[in-house]
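Okay, so here's the structure we're looking at.
The values are calculated or read from the model by the stated rules, or taken from the named source; none is laboratory data. Here the structure is a predicted model, which is why all the values come from computation and not from measurement. Cβ placement follows ideal geometry from the backbone for every residue including glycine, while neighbour counts extend to all protein chains displayed.
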Amino acid sequence: MSIFQDERTEPATPKRREEARKKGNVPKTRELSSALLIISLAILFYFYGNSFNLSLMEMFEYYWGNLPHSISLSMIITLMLSVEQYFLKIIAPVFITFTLVVLFSHLIQTGFIFSTQAITPDLSRISPVNGLKRLFSISALVELLKSMIKLFIIGYLAYKVLAPEAANLSSFMSAPVSQTLLYASKLCFKLLMSCGTALLVISLLDYLFQRYQYEQNLKMTKQEVKEEMKEREGDPKIKARIRNLQRQLAMSRMMQEVPKADVVITNPTKIAVAIKYDSKSMYAPKIVAKGYGYIASKIKEIARRYGIPVLENKWLARMLVKIDVGDYIPAKLYRAVAEILAYIYQLRGGYHEVA
């Protein structure tokens, strides 16, 4: 037995992949959603930032300007509800965009998939031992390294974007609110776009790594492949046994037809073919049994036991044995078979119309 028998060296079969997908086990990276969210937020700042700022200023000016001198509790609640509704209208495009981006990021990675495996209760998930194993696993180390790399890259990009603007920040302290918000929007767009692009590159690299790791985890041993083939196609031993039983049943049914035959043609030792003809129900003679060697001997034995004539005709036997049991003889053999049947009926002393 090979010492490498249990090594996972075989690519995953379609069945293994389908089972993994049903469990929700598919290659994906969480970084892609984060990257696309940041980029979409930057784009919103670019196209919607000014409108968003103006809407906020109008909201504060309206409610602050119409604030009465004496305020009751019910008035405060009404005012808060009104501000909340107005604010939700302003940020609604942001929530809708974020929802679509998250759905899109999952669909392009995994396609449409629905699985309850992730929310199914599993006691192993709350096991302290399993928790420690996950904490000190290779996957946890990789995730830690990825987080450190992301923090370093984002920190570096934030510094590169904000450092040149440090001198300008103090001048906006006394600037009008609208000008300050516009400047902040442009700065946020620049910062978010830089960080989002960097995260997008990281997410693509991470997806390639996750796909590689996914393929490695799905790999199977040679024994697992063999077991799956047995399940799909059946155990070879059982299939051989079934085929043997089927042959025995077919042979038994075939032998039961021999006593009903009109004649058995042989070559004389290796081949035997039993022929039956009924002018009322058949348009031509039919092969009811055939065989080589031992089966041919059994056909001749049964024929003699039931008084069925056994005639030797090497050429005709070789031609007839090529025809399947239950099929009618071809037209090119009509004459040869008709002569034999006519001879048999003459021996029996009766008349029988032969095709």
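What the table shows:
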| read-out | value |
| --- | --- |
| In the stretch 329-341, the residues that are within 13 Å of residue 273 (Cβ to Cβ) and not in a helix (DSSP H, G or I) | 329 |
| Residue check, residue 192 in a helix (DSSP H, G or I), of a type outside the set (D, E, K, R), modelled with pLDDT of 75 or more and over 17 Å from residue 37 (Cβ atoms) | no |
| Pair list, Cβ under 7 Å, 6 or more apart: the stretch 15-40 residue over 25 Å from residue 150 (Cβ atoms), other residue assigned to a helix (DSSP H, G or I) and at pLDDT 80 or above | 16/218; 17/218; 20/218 |
| Unique match (being surrounded by 17 or more Cβ atoms within 10 Å (Cβ to Cβ), in contact (Cβ under 8 Å) with a residue 60 or more places away in the chain and touching a helix residue (DSSP H, G or I) at 6+ places or on another chain (Cβ under 6 Å)) among 263, 258, 273 | 263 |
| Scope the stretch 318-328; condition assigned to a loop (DSSP other than H, G, I, E, B) and of a type in the set (A, V, I, L, M); matching residues | 321, 323, 325 |
| Some residue of the stretch 109-123 being β-branched (Val, Ile, Thr), at pLDDT 75 or above and surrounded by 11 or more Cβ atoms within 10 Å (Cβ to Cβ) | yes |
| Residue under evaluation residue 322, criteria (1) within 26 Å of residue 247 (Cα to Cα); (2) surrounded by 15 or more Cβ atoms within 10 Å (Cβ to Cβ), criterion not met | (2) |
| Residue in the stretch 338-346 that is surrounded by fewer than 21 Cβ atoms within 10 Å (Cβ to Cβ), in contact (Cβ under 8 Å) with a residue 40 or more places away in the chain and under 57 Å from the mean Cα position of the chain (by Cα) present | no |
| Hey, residue 172 in contact with a Ser or Thr (Cβ under 8 Å, 6 or more places away or on another chain) and at pLDDT below 65 or not | yes |
